[in-house]
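Contents: one structure, followed by commentary.
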Amino acid sequence: MARFSKEQFDPSLTWRAYGTKSNFGMVEINPVMKTTFTTTIWKDKEMNATALQVPADAVAALGKGKRHPVKVSLNGYTYRTTIAVMGGMFMLPLNAENRDAAGVKAGDEVEIALELDTEPRTVVVPEDLAAPEM
């Protein structure tokens with residue numbers, strides 16, 4: 001764990017104080033895991049499907065594991081998804097709705113900000129699909 005002084009304190013993180021008044025320190029216990037990279041929007045040759053290839057070092061920067069839930073920001077637009085592993089490559093889906101909202105298209109080179117998504121994911125089941133109450 002890293003040690004930080006009072007001057008380096010970042011209130012956006014979760015911290016735990018330790019020590020005495022004469023030997024004060026802070027330990028970061030819940031870091032926000034983020035990374036940025038540049039990639040080209042990939043398009044499938046046969047379908048209207050696009051994706052973003054994620055460098056392995058960007059995946060590693062998010063912590064242990066490979067299929068992280070993430071928040072993807074590109075061109076001022078942010079959406080939630082999960083990193084997929086396809087053919088040994090790390091990929092992020094980029095559907096038509098997200099492409100339109102971000103104002104990007106296949107072949108564009110884009111700067112990506114990736115952040116580990118720790119918020120709960122909930123699904124609202126439409127009433128006509130919900131199981132009947134017993």
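Coordinate-derived values only; no laboratory data. This structure is a prediction, so every number in the text was calculated from the model and none was measured. A quick note on method: Cβ atoms are made from the backbone with ideal geometry, for glycine too, and the neighbour counts reach across all protein chains shown.
Can you give the FRET efficiency to the nearest 0.05 for residue 106 and residue 127, using r as the Cβ-Cβ distance and R₀ = 41 Å?
On the way: r = 37 Å, r/R0 = 0.91.
Taking R0 as 41 Å, the efficiency between residue 106 and residue 127 is 0.65.
Packing here is the average count of other Cβ atoms within 10 Å per residue, and on that basis the peptides 103-111, 66-74, 117-125, highest first, run 66-74, 103-111, 117-125.
A straight chain from residue 113 to residue 89 at 0.36 nm per residue would run longer than the Cα-Cα distance by 6.8 nm. Sequence-distant contacts, meaning Cα pairs under 8 Å at least 6 residues apart, place the relative contact order of the stretch 34-116 at 43 percent.
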